[in-house]
Structure formats: structure tokens, C-alpha cells
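Could you have a look at this structure, given as C-alpha cells, before my questions?
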Amino acid sequence: MQFKRTIKAKINPLKLVIWLIIILFLVLPLIANHSPQQLTQTVNLSQALEKIKAGQITKVEVINNTLLLEDKNNQKFKAYKEDNESIIELLKSINVTPDQVNLKIVSTSTSQLIQDALLNFILPTLAIFFLFYWMLKQSRGVQQSIFSFGKSRAKIFAKGKQDVTFKDVAGVDEAKRELEEVVDFLKHPQKYQKLGARTPKGVLLVGPPGVGKTLLAKAVAGEAGVPFFSMAGSEFMEMLVGIGAARVRDLFSTAKKHAPAIIFIDEIDAIGRQRGLGMTSGHDEREQTLNQILVEMDGFTPNDNVVVIAATNRADLLDPALLRPGRFDRRVFLDMPDINDRLAILEIHKRGKPFSPDLNWKKIAQRTIGFSGADLENMLNEAAILAAQRNKGKIGLEEIEQAMLRVKMGPERKVSQTSEDKLMTAYHEGGHALVAKFTPKAYPVHRVSIVSRGIALGFTEISPERDKYSYTCKELLAQIRTMLGGRAAEEVVSGEMTQGAASDIDRATELARQMVVDFGMSALGPVKLSPSYRPLGPGRSLWDKSNISDKTQASVDKEIRKIVNQEYEEAKKIIRQHRRLLDALAKELVEKETVEGDELDELINRLEG
């Protein structure tokens, strides 16, 4: 019985109809072509009558205007008569009675009409219709037929099917506390309505990618036990004008029917950008979609018991009308997790994975500064993959270290280098490490390697020992000096320069620019010199540089060049002072490829202690 049900489930009715039409098209012409009319010799009517009169014909069959004749030798002939001629009259004209020739008259007018209608009209029409229908299904998917352009494509998680709760979300405790009000409203709306409180309509989650905005929205639905409608902002857009607005109407209409419910719009900046800043005039499709969202959230009909949660990492681009009270009443900011948050996130993502009992998770959390929740989950997954490839029963510190580098720097690459290129790479990375070691306020060095990862031929892992949220001027200058340590080592050692320092120069210059124009850490004083963001209207740039004169811009460029050159000279001075140590470190890098931070400390103590 189970086997029969499986077979039945796999039958596609549309494909069955198409195959039946194809078979009919093939069979009906064959039947028509192999009728008795196609197997006889054709003669004219006078010859047929002469054969009948001579007594040679034993059987005459009349089908419409066709005469089928059969003689004594079973040979068949075919002849045609006029429409108004009667076979009886023709036989009388040659003095032959119908009994003498075994006359049989077959009336096929009705069947012929049906056959002609099937072949010439009905079947071709059905074939074209079903072929077009099938092609549309294949190109747009089963759920996106010609009749569902304006239907919402939201993913629906029914009540009770959303098993994500606040326990599954870590590192966003402040955000969870702010969202508990929304959960309480969805569970007990009467408590708020009784006191005349206006129910919150929208919650905007703002934060960098990977911090858990989507997961947090699912957790709100899971805690409240209500249906959850999830849709990305780009899914509202369509080539046809008005489709986005229609999908917004359908989404809100469906959510109201399932109220209390949550609508989640991910990447709302795709449709919620500020209006009037496009290059084209008038209302384009995106603005119509945004207008419809504004109407649905604050129109004539209040959306009771329906809360809209949106997520974005570009809140500065959103339209002010979308952010005013009455639409998105709450703004919840999510930041990158600190060390305690990372510990909690690691506790969640290490469930179901066997780890070595001697792992120091606090140290791992310290080494992953700057990692988001998604990065931490990906790191543990990569570590599990590495352990499986090495046929290990448990995930150890070595796999986690390799996975950490893979997430931060990219996968390891095998690059064929000459001995000279390899030595130059070793001097370059050693320059970064030594400048960091002998520069006050610089971050500690954890690892130096000439193993290629991503687009880099080598890397020096330098990171703070704790989370930092503010930086002094000396700390920023130390970062610039450390970035330029590789180029300084190349110039001091060989007198030549390579293009390998391009990324370092770019980051150092950008940091120096921020110090001058944003942080006020230069001779120009605490004056904002960076471009201002203003809504300038259609066809105008979002970034206005009119507040900076040409003379001031020249002074800015001069200060940036001064900072970079000054730190570069300091980096070269450190390299010259510790040249012997640099040679030893480069030699060890060429031999071992990777030098850990404690090994570097031992080398420094041995040579300069």
C-alpha cells in the first residue's frame, strides 16, 4: 500500500495532460492515414461504373462522396462522386440494382466533424495553453504562477512551529530586555488596551551584519507563540509596476487574519531608502512600495495585534517618515559582542559538538575580538569540519585556531614562491611584528606567519587583549606605525620596495585621514572636516563637500601626509635598531613558516635580553 501511495504522489497532473495531448497528436494522424481509403487504387467515376456494369465489382461502400469498390479478386478501388449525386441514381443509370453490388452506405459526417474539430482547433488550443502554463511554472516556480504576481512571498512560521526563543540568542541582553515589552503585548494585549496605551506597531533592529537581528526577531515570535511572517526587502520588488505595493497589501492582510502576529522585513533599506534622492523623477516602483508600507503601518485601519519588526545595517539611509513615532516606535541597537557575550554565544553554538575538556573558552573568547555571532558559529563549524577531516573524535584547540584564522584571514593557499620572494615576505611580516613589539601603546603580537591566506602572502596577527571602544591619539599612531612596519623592513633590508604593502598603506592612510578630519587629532584642531550627509534632492550627491574649501583641503592632505611619513620614519628607526633580531626572525620564519607570540618573546629575550 505504501508503494502505491508513493507512485501516486509522484504523478504530475500537468505533465500527464501534456503527454496525452502529444500522444493524441501522434496517433490521430496515423489512424487517418492508415484508413482503408489510403490502401486502394484511385479510378475516375466513369471507370468505376463500367466495372460495376461489367459485373466485376462484388462490393460497394459509400463514405460521404467516396466510393470504395472491391472486385472478385479482392482488389480494391476508390472513386469520388459529386456532392449532389446519389449512388442509387448512378446505379440505375447503368441498370444495376443495389443488391447486385452489395451496396453499403456509411454516414460519417458527425464523426468527421468531431475529428476535424479535435485535430484543427481543440487539441492545438489546449496544447498551446498547457505548454505556456508549464513554461511559466518552470520559469517562476510552482508558487509563482501568472495569477500570483501580487501575492506575498513571505515565509510563514505557524504558531507553535517557531521553536527559537530568547534562550537561543546570546550576546544581546539589552536588546532582549527592550523586546520583552513587545512579547508581553502580543501575549496580553488587553492589559495595555485597558489603560489606553497605544500599542507598538514597529520595531527597528539596527546593527552590523551577523549580530543576530533575524534570530532575535524569530525569538520574539517564539516567546510570544504567534505566527511569524518573514520576508526580505528585495522580495517586494518586481519588474512589473505596482507589484511591490500589491505584495505589501497581501502581506499585511494575511498577517491581520492570523493576528496576533509578527511581520519581519529583513534588509528594509532595500525599499525604505529616503524618497526624493533618486536620479529619476516621479515615483518609481521602490517608492510606491515604501508608500504602501507607510499606509499599512499608519493608515485609516489600525493594525491591532500585528507588530512589524524590521532589520537593517544602514539606518542612516531610511526615510524619516518610516522612523517617526506611530510606525517604528522602537529602535533597538545591536553591537558586536564583547568578551562575555562571545562566551555566551560560544556556549550556544558548541551544543552537540564534542570538544576537548582542556579547552580554555575564556581565552578563545579573548582571541576572537571583532567576531560577530555569525563568525563564531562559522568558526566552530569550520573547526568541526577540520577535526572530521583529520579523523579525530573531539575538536581540539588546534582546529579552533585554524578555524579562527580561516574566518579572519581566509583559507590557506599554496603559493609557489622563489627563495628570494619567500625571504622578502618573511622580512615584511617580521617588520610588522618587531615594530609592534617595540612601540608603546601597540597591541600584542599573537602570531607571525608567511603562510598565504586569502589574497595575502603572509600575515601578522596583532590584536588587543580586551575589547576596546575608545582610542587615544598615541594608540592610533601606534597602529599606523605597526601597519607601515612591513614596508619599512623592506626598505631597510634591501633598499627596494614591493607592492605587498599596498593594503597596509591604504589602511594607514585612511586611519590618518580619520584622525585629521573626524577625530580632530592634528594641527588643524578639533574641527569637523569630513563630508556631511545631507538630503540634497534628485540628482544631487548624498555627500556634500561644500563645507571644505580648497585651502582647507590642501591643509588636510598635508596633515595626513605628515602623520603617515612621521610614523614611517619611526618604524624604519625601530627596524635599524633591531636589525639583528629581524634577521633571526626572518630566518626562523623561512624555516618554520609560523612563529607564535611566545616563541617571538623567547627570541627577543635570547638576542636582546
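Can you say whether Lys441 is closer than 27 Å to Ile560 by Cα, basic (Lys, Arg) and out of contact with any Pro (no Cβ under 9 Å at 6 or more places or on another chain), as far as the supplied structure shows?
Yes, satisfied.
Assess whether Lys353 counts as being in contact (Cβ under 8 Å) with a residue 40 or more places away in the chain and either assigned by TED's automatic domain parsing to the domain that holds Tyr443 or touching a Ser or Thr at 6+ places or on another chain (Cβ under 9 Å) (or both).
So Lys353 does not fit the description; no.
So, one more: Report yes if some residue within the range 307-316 is touching a Gly at 6+ places or on another chain (Cβ under 6 Å) and either farther than 25 Å from Glu180 by Cβ or modelled with pLDDT under 80 (or both); otherwise report no. Let's see the steps before the verdict.
Initial filter on the range 307-316 (touching a Gly at 6+ places or on another chain (Cβ under 6 Å)): 308.
Filter again for either farther than 25 Å from Glu180 by Cβ or modelled with pLDDT under 80 (or both), leaving none.
No, the range 307-316 has no match at all.
Considering only residues that are assigned to a helix (DSSP H, G or I), under 17 Å from the mean Cα position of the chain (by Cα) and at pLDDT 80 or above, which ones fall in the range 209-244?
The answer is Lys213, Thr214, Leu215.
Rundown of residues vs (1) within 39 Å of the chain's Cα centre (by Cα); (2) surrounded by fewer than 18 Cβ atoms within 10 Å (Cβ to Cβ); (3) not assigned by TED's automatic domain parsing to the domain that holds Glu596, yes/no style:
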site	(1), (2), (3)
Ser452	yes, no, no
Phe459	yes, no, no
Tyr469	yes, yes, no
Gln479	yes, no, no
Glu490	no, no, no
Val493	no, no, no
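Against the definition (in contact (Cβ under 8 Å) with a residue 60 or more places away in the chain, in the same structural domain as Val492 (by TED's automatic domain parsing) and under 17 Å from Thr425 (Cα atoms)), how does Val595 come out, yes or no? Outline the logic, then answer.
Values: in contact (Cβ under 8 Å) with a residue 60 or more places away in the chain: yes; in the same structural domain as Val492 (by TED's automatic domain parsing): yes; under 17 Å from Thr425 (Cα atoms): yes.
Yes.
When the residues of the range 371-425 are filtered to those that are farther than 30 Å from Thr214 by Cβ and hydroxyl-bearing (Ser, Thr, Tyr), which remaining residue is surrounded by the most Cβ atoms within 10 Å (Cβ to Cβ)?
Among those residues, the one meeting the criterion is Thr425.
Out of the range 395-452, which residues are small (Gly, Ala, Ser) and closer than 18 Å to Arg367 by Cβ?
Hits for the range 395-452 are Gly396, Ala403, Gly410, Ala433, Ala436, Ala442, Ser449.
Could I ask something else about it? Given the conditions (1) closer than 24 Å to Glu465 by Cβ; (2) touching a Gly at 6+ places or on another chain (Cβ under 8 Å), report the number of the one that Ala387 does not fulfil.
(1)
Could you run through the range 180-211 and say how many residues are among the acidic types (Asp, Glu) and touching a strand residue (DSSP E or B) at 6+ places or on another chain (Cβ under 9 Å)?
Looking only at that region, the number is 1.
Under 9 Å by Cβ, and 6 or more places apart or on different chains, what pairs join a residue from the range 489-504 that is in contact (Cβ under 8 Å) with a residue 12 or more places away in the chain with one that is surrounded by fewer than 18 Cβ atoms within 10 Å (Cβ to Cβ) and part of a helix (DSSP H, G or I)?
Listed pairs, sorted by first residue: Val492/Arg576; Val492/Arg579; Val493/Arg579; Val493/Asp583; Thr498/Asp421.
Can you find even one residue in the range 245-257 that is in a loop (DSSP other than H, G, I, E, B), at pLDDT 70 or above, buried (at least 23 other Cβ atoms within 10 Å of the Cβ) and within 23 Å of the chain's Cα centre (by Cα)?
No, every residue in the range 245-257 fails to be in a loop (DSSP other than H, G, I, E, B), at pLDDT 70 or above, buried (at least 23 other Cβ atoms within 10 Å of the Cβ) and within 23 Å of the chain's Cα centre (by Cα).
The values are calculated or read from the model by the stated rules, or taken from the named source; none is laboratory data. Bear in mind the structure is a predicted one, so any value in this text is a computation, not a measurement. Counting neighbours? That spans all protein chains shown, and the Cβs are built from the backbone with ideal geometry, glycine included.
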